[in-house]
Amino acid sequence: MPLYHYKALNARGEVLDGQMEAASNGEVVARLQEQGHLPIEARLASEGGGASTWRALLKPKPFAGARLVQFTQQLATLLGAGQPLDRALTILLELPEDEAARRTIADVRDAVRGGSALSTALERQHGTFSRLYVNMVRAGEAGGTMHETLARLADYLERARALQGRVINALIYPAILLVMVGLSLLFLLGYVVPQFAQMYESLDAPLPFFTKIILALGLFVRDWWIVLLVVPALAALWFDRKRRDPVFREAFDGWLLRRKLAGGLVAKIETARLARTLGTLVRNGVPLLTALGIGRNVLGNRVLAADVDAAAAEVKNGVPLSIALGKGKRFPRLALQMVQVGEESGALDAMLVKTAETFETETGLALDRLLAALVPVVTIVLAGIVGIVVIAVLMPLYDLTSAIG
């Protein structure tokens with residue numbers, strides 16, 4: 001289902017600004033009214049402008065990342081120790097230092113004391129807790145194993161966070177290296193090279209053609225360096241806004257999957273994410289069709305998400321999951337074979353989790369290999385470019401010195 005951004009007023013007159021997955025704009029309004037709020041605005045999240053996106057980044061959710069994992073683990077521990085739910089929430093209310101987090105826990109506790117189920121109370125927290133989180137809790141309530149479900153959910157969140165962190169950490173160093181390479185070349189060409197250009201001009205010395213090219217490039221960088229910085233920044237902003245267009249995003253994601261190196265890595269990352277989500281949900285009693293609807297929302301690649309949507313329709317008609325996912329021919333064959341084994345053995349949930357572990361390991365190895373290859377390549381390229389510039393600039397000076405000597 002699409003993601004909607006909404007604004008509403010609660011009973012205390014406070015403005016609520018959050019996100020909700022719903023089938024339509026009207027469903028968002030109806031659900032807000034059911035919760036006792038006055039809807040002000042409801043629109044597709046993909047229609048949001050850059051300013052709202054940057055505000056969302058600068059204003060993080062009260063529960064996200066490590067804090068959400070910690071909250072889930074602590075709640076599972078307290079419930080496992082025999083504490084009633086409202087008492088466990090009261091204990092957890094004193095732990096966060098952030099006022100927004102305490103207010104969220106207080107709202108959940110008050111809703112539970114008022115007779116609401118925990119899943120319902122979490123769902124009313126204006127997009128703070130994902131559909132996956134809420135459905136896992138709902139499944140735990142139905143099965144009477146809340147603390148075990150929360151423990152599995154915490155494990156899922158921790159593994160998902162670890163995978164995301166590994167991807168980000170693998171990209172940080174190459175990104176910093178590329179930025180430093182770019183700035184170093186700008187300094188070399190824009191400041192150092194023009195100094196030699198002025199010196200050779202004053203000497204009126206004959207210069208090789210290659211040296212003239214480097215000197216001309218240096219003068220261009222010196223005069224237009226601001227353009228060389230602004231154009232990439234504008235291009236990045238344009239791409240950031242353009243990727244919110246569903247048609248462009250789907251075309252770009254499809255192009256990315258077709259790339260030989262990047263496509264395989266993206267497919268492995270998304271396969272691990274989907275398998276972990278489906279395995280965790282199915283293991284906790286969530287129907288497979290519901291799990292597929294939730295699982296497609298954890299995927300960052302729109303093309304693979306569309307394949308999951310198509311697979312859900314096939315599964316609804318009785319087609320096995322492995323065959324349905326294989327029709328798009330984008331998910332790795334190994335993953336499909338492992339899912340098929342799980343279906344045939346009646347242990348689909350366990351095999352999905354095993355698939356996730358397999359592809360998380362493969363992703364980690366692929367990232368390590370990529371980083372190990374990328375850093376030396378960038379370093380060699382930088383050294384080569386710097387060497388070419390230095391040779392081109394100093395060669396005429398060496399010739400002049402030899403001639404004088």
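Observations
- Among (1) 0.92; (2) 0.97; (3) 1.29, the entry that matches Cα Rg over 2.2 N^0.38 Å as calculated here: (3)
- Ranked for footprinting exposure by Cβ neighbours inside 10 Å, fewest first, 226, 213 give 226, 213.
- D (Stokes-Einstein, µm²/s), Kirkwood Cα radius, region 272-376, 1.567 mPa s at 4 °C: 92
- Relative contact order (%) - criterion: Cα under 8 Å, at least six apart; region: the chain: 13
- Ranking of 116, 130 by count of other Cβ atoms within 10 Å, fewest first: 116, 130
- For region 201-325, the average shadow cast by the Cα convex hull is 12.2 nm², which is a quarter of the hull's surface.
- Residues whose amide H lies under 5 Å from that of residue 16, counting only those 5 or more places away or on a different chain, are 8, 9, 10; hydrogens are built 1.01 Å from N in the peptide plane.
- Among 191, 133, 156, the largest mean-square fluctuation in a Gaussian network model of the chain (Cα springs under 10 Å) belongs to 191.
- Relative exposure of 269, 388, judged by other C-beta atoms within 10 Å (fewest first): 388, 269
- Over the chain: helical MRE at 222 nm, DSSP H runs n ≥ 4 each giving -39500 (n - 2.57), nearest 500: -25000 deg cm²/dmol
- Region 165-405 shape via C-alpha gyration tensor axes, a/c threshold 1.5: prolate
- Relative contact order %, region 276-372, counting alpha carbon pairs below 8 Å whose residues are six or more apart: 27
- A straight Cα-to-Cα reach below 13 Å connects residue 329 with the aspartates and glutamates 307, residues fewer than 8 places away in its own chain not being considered.
- The mean sequence separation of alpha-carbon pairs under 8 Å and at least six residues apart, normalised by the residue count of region 161-303, gives a relative contact order of 17 percent.
- Scaled radius of gyration (Cα, divided by 2.2 N^0.38 Å) that region 85-136 gives: 1.07
- Pairwise centroid distance, computed over Cα atoms, of region 221-273 with region 293-323, Å: 25
- Two-decimal ratio, region 66-158, of alpha-carbon radius of gyration to 2.2 N^0.38 Å: 0.96
Every number in this text was worked out from the coordinates using simple rules, so none of it is lab data. On a predicted model such as this, the values are computed, not experimentally measured, just so you know. Here Cβ is always computed from backbone atoms with ideal geometry, including for glycine, and neighbour counts include all displayed protein chains.
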